[in-house]
Structure formats: C-alpha cells, structure tokens
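One structure is given here, and the rest of the page talks about it.
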Amino acid sequence: MMRQTFALIRIELARLFFSRRWMAGLLIWGVAAKLAADEIAGHVVAAHLGKWTVYDVHAALMNNAFLVCFLMLTTFVLIACDSPARDRETRFAHVMMVRSGGRLQWWVAKIVPMLLASVVFQAGALGACIAVGVYGGGTLSREPSELALGTVKEGASVSTQLFFTPPARDADMLVREVGTSLYLALGFAAIGMGILALTVRYPLSWLPGLAAVGVTLVDRILSWFIHASWYSWVSLPYRLMEAAHSAVVVDDPLPLWSSLLCWTVLLVGSAIGGARMLRDVDV
Amino acid sequence: MNETIFDTTTSVPERSKVAGPLIDVRGVGKIYGSTTVLEDVAMTVRPGEVVGLVGPNGAGKTTLIRILSGMSRPSRGEGTVLGRDITATTGRVPFMGLMVERPMFIETLNARRNLELLFSIRGVVDGSTACDVLERVGLDPSERKAVRTYSLGMRQRLSLAQAIGERPALVVLDEPTNGLDPLGIVEMRGLVRELADRDGMGVLLTSHLLAEVEAVCDRVVLMHGGRARRVYAPGDADSRSTMVLEVAEPSDIERAACITALEVIGREGPLRMRVKVHECVPDVIRALVGAGVGIEAIYRDGNGLERAYMEAVGE
C-alpha cells in the first residue's frame, strides 16, 4: 500500500506544481508585495524614518488582512484545494482510485501536495517581497529597521504606526519572517484542509474558491456587529495575523499557543473527518 | 465492533486470481433519497467473456458500473467483484481496468508519460508497457503532443490503453466507442474480442451502438428504468435460429408459412419475413425450394439485439 501511496503522491505533486495556476500565484505575490511596499515606503518618508528593509515589506504584508485573506488565501485555495472535487467531476478520480487500491491512499495523495503547496506559497510570497522590496528601494539588511522598531522621529508629519509586532533590537529579520511564513503556511494549510474535507461531501470544483472568499467575507460582516473580545478567539482570518498575538499592537492579544492549537486541530480534524466521509460517499 | 476507517491490512492489490466469476452480484439496488435508480440487478461476468450493458440514458448503467468498480456502495444486494464484497465498508477498490466516459488525463503531458505515471502506481508492469499498449490501441508512442490537444477519439484510445495496460483480470469500459470514427469502432471491436479471447480478460462494456454490442458481446444485459429487463445472448441457439427470408412474390409468403421446418414470427413488407428455423439451414432451403418458394435471400437476423432492446424498453 505504501508503494501506491508514494506513487500517487508523486503524480499529484507533479499535477499541482506543474499547473499553470501558479502564474496566478506569481501575479498575486507581486501585486500584494507592491501594495505592501508602497504602504510602508510612503509611511517611512512621512515619518522621517531611515531606510526600510525588504523584510519590513513581508512583515507588513503578513499583517494586512485584506491582502492575506482576500487575495492570498483565495489564490492559494484556488491553486491547491479544488483537485479532489475536480477529479471527481471529471471521473479522473475513478482512474486513480482503482489503481490506488483504496480510498485512503487517494485521500492522502491529495493532502500531502496541498500541505507542501502551503509552504511553497508562503515561500513565494517571501521571495516576492524581497524582490519587490529590492526593486522599490528597500535594503537587504537583516537588522530591524527604524520602521520595524516603531521609532518616533521629531518633526514627522504622521504619528508612529506599527505595521507588525516590533522585533527585538538584535533580532534577525530573515529568521523572523521565515517563522511568520511557516505560521501562515500552517494557517493556510489548516483552512485548505477544511475546504478539502468540505469537497468530499460536496464535490463541486467551484466550491473551494467560494468557501475561501466566504470565510473572509462572513468574518468581516460578523466583525462589524460583534465587538465582544471572544469573537477574536473564533475568527480564523484574525488568527492568521501575526500581530493579533502581540500585546504591543492589540489590546487583547491571542496567545500564540491557542492559534497553533486551533490550526493543528482544524488540520488534523479535517484530514480525519475527510477520510471518514470519503469512506461512505459515492465517488 | 470497533471498525477502522479503512482496511490497510492488505498489501499491494494483486492482479485477481479469482477462480470463479469475476463479477457475481445479485439483487443490487441503489437509492438516492427517495429515488430508486437501480433495482434488483443480477449479473455475472466470467474470464474470457464480453458482457454488454445497454439501455437508454438514465437506465442505471453508470450507477451499476460505479458500484462494481467500488466507487459507490449499493443500497441493497450482495455479491463480489474480483472476490471483493461489494457491500464492504473497507474503502478498498478492486484491481480492475476502468475506462470512464469523457476521460481526463494529466493534460500537460503526452500520452506515453501519462501511461508511465499511471502504471507506476500499481508497479506491476515495466516501462516498455506504455509503448506497447499505445501501439496496440492505435496511438503513436513517440507522439510528443500534450494530451490537451487530443481529439475525443484519441482520448478514448488512450483511456482504453490505461485500462488494459496492466492486464487486469477484469476490464470495465464505459462507452468505449464514443467519439471514434468508423475505422476506430471496428478496431475497438477487434481489440475487445482479443482481450477476452486471447488474454482471457472478462470485459464489461456499455454502448449505445447496438450493432457493435451485438457483434462483440457474448451476452447483453438490457437495462431500463434501473432494472435489468432481459439478458440477450447473440450467439445462443434461439438468436441464431432467427432468420430473415426474402422471397420473389407475395404468394411465396403463404407457401413458406406452410413449411414445418420454419415458423413465421413476423412479416416485414410484402416480400420479407422473419422466421425461426427448426432445422439446419440447408434443410430449410431444400424444403422451401421443394414447396416452390422463390427464394431471393435467406440470412441470419442481424437486428436481434435491436428488437430485444425495443421490447425491453417497451417501444
């Protein structure tokens, strides 16, 4: 069974990573990084701050709810999460399943590429931020910039603004942003896993995209009406923001462990739940 | 009982070594909500046998194929496919060749690469098999074009190649002649017979082309309204004894009807009738000539399945 599972995973990896959909990823990374870079560059000038770094672009991007949730999460889901539903619609799933020997193998072969894609997607976003940052005038220095540290300069026309959690003065910004990317990858993977499980029950290829937009949209609407602090505990898009865990940036920060637990439970629960559902559904 | 999600205790799905029938199911039914789409279907497919499934759209053919291939569980019924219980909840899928309607592949790769990847999953054939089987279905193994540029006919051939390449004991072909040109249909017919006669595979196929089904199948299950209405065997004695007799004059019809060696079962115009012959054909011809019947032609009825189909669907 292991042999078939590995062979299936290899095929699904090839299908996913040689897909032209990654062109959309490239575009979105570029657009998101440019928007984030413009935002901090403008602020740096107005606040009379010193040079900003390419890592500031990434940190700012990762805490922009619109860019992360609407643009990046939706693009990731469209790239990596509709394959089970699409294969069942086209009945390619049948061709694969009769070879896999069992439904579990097929399911695992769908999960693994999605998990890898979440890491690759975040790596791509980090790469785009570095490229766009360099092109836009940012430095490659791994020391925290004045912008990152929330420095206040006299004579500035704007008050200080924290785009993300200020790092320690001796922090390595590259390491910090790699960590942030991995955190986002976990969050994206967990949400993607939930959507994959959803498509086991409802195998419609348009559903993942709609679900990704829906998660963010519904959260936005609910957040207008619900101002209680408990809502931040159940809001998945809010948990994606790194700054949501920082007492410096928000009044009522979420413990980081609670988010790690939330994503892990969602990821593992959806994987097991999807497997259980797949056992019973007509493919 | 503490049931596991999936049975993973069995290792690599081996090519079936089932001694008896490859497919042996009884009373199979499928209900979606309050709609019954399949009811009380029984079917047997043995090694070396080609069995057809025909019926109008919505007759339940595809549902039955899904159940037999392990993609769907029946609401009722029992039986085995390649020794696997069709009601099992283990999530295991039998090792068969499956050709689906409107086949999709890894669109950016060529045919050969697609087959190599698909065959790598089971790992039961070597690398040269992809080329061999592509040649066998009439595709060029050296073709470098991506599958996305293929016509429906080429996709059908490729789909057949992936189904038979690993030489499974059982092959299920859903509408294999879809999109094929006349030559392709003839080639497909020959290939299907070869799979059964030379390779000893059991073949279950569906098609709307009744003449093709009649030409290639040993038995045909006629389905309508989710039920198997009748099993027609093109080669059995009853089918073989039905002939068409064409005569020179209308009065010959009356003379022919008086001969005991045959029985008129239907008239088709003033000079043609369908008859069931009770003796060997030369004896029947001698009797007709002796009775003064002007024979223009006598031949085996090639539309037996069509008639059976019309009777089965009630038209």
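Side notes on the structure shown:
- Among the residues of region B:257-287, those that are surrounded by 13 or more Cβ atoms within 10 Å (Cβ to Cβ), in contact with a helix residue (DSSP H, G or I) (Cβ under 6 Å, 6 or more places away or on another chain) and over 30 Å from residue B:228 (Cα atoms) comprise B:259, B:261, B:262.
- Count of region B:99-115 residues, restricted to those that are facing chain A (nearest Cβ under 7 Å) and farther than 23 Å from residue B:66 by Cα, is 1.
Residue by residue, here is whether (1) touching a Gly at 6+ places or on another chain (Cβ under 8 Å); (2) under 27 Å from residue A:115 (Cα atoms); (3) within 14 Å of chain B (Cβ to nearest Cβ) holds:
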site: A:6; (1), (2), (3): no, yes, yes
site: A:14; (1), (2), (3): no, yes, yes
site: A:29; (1), (2), (3): yes, yes, no
site: A:51; (1), (2), (3): yes, no, no
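- Test: residue A:46 is away from chain B (no Cβ under 14 Å) and in contact with a Gly (Cβ under 6 Å, 6 or more places away or on another chain): no
- Of all the residues in region A:78-97, those that are out of contact with any helix residue (DSSP H, G or I) (no Cβ under 9 Å at 6 or more places or on another chain), facing chain B (nearest Cβ under 7 Å) and in a helix (DSSP H, G or I) number 1.
- Hits in region B:179-199 - residues which are surrounded by 20 or more Cβ atoms within 10 Å (Cβ to Cβ) and part of a loop (DSSP other than H, G, I, E, B): B:180
- Residues located in region B:118-131, provided they are free of Cβ contacts under 8 Å to residues at least 24 places away in the same chain and either more than 14 Å from chain A (Cβ to nearest Cβ) or not small (Gly, Ala, Ser) (or both): B:121, B:126, B:128, B:131
- Any hit, region B:174-193, residues being within 11 Å of chain A (Cβ to nearest Cβ) and within 24 Å of the chain's Cα centre (by Cα): yes
Residues are listed down the side, and each one gets a yes or a no for (1) at pLDDT below 90; (2) surrounded by 19 or more Cβ atoms within 10 Å (Cβ to Cβ); (3) in contact with a helix residue (DSSP H, G or I) (Cβ under 9 Å, 6 or more places away or on another chain):
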{"residue": "A:157", "(1), (2), (3)": "yes, no, yes"}
{"residue": "A:180", "(1), (2), (3)": "no, yes, yes"}
{"residue": "A:202", "(1), (2), (3)": "no, no, yes"}
{"residue": "A:206", "(1), (2), (3)": "no, no, yes"}
{"residue": "A:210", "(1), (2), (3)": "no, no, no"}
{"residue": "A:217", "(1), (2), (3)": "no, no, yes"}
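- Of the helices (runs of 4 or more DSSP H) lying entirely inside region B:200-261, those containing at least 3 residues that are under 29 Å from residue B:20 (Cα atoms) span B:210-216, B:237-240.
The values are calculated or read from the model by the stated rules, or taken from the named source; none is laboratory data. Remember, it's a predicted structure, so these values are computed and weren't measured experimentally. Because the Cβ atoms are built from the backbone with ideal geometry, glycine has one as well, and the counts that use them run over all protein chains shown.
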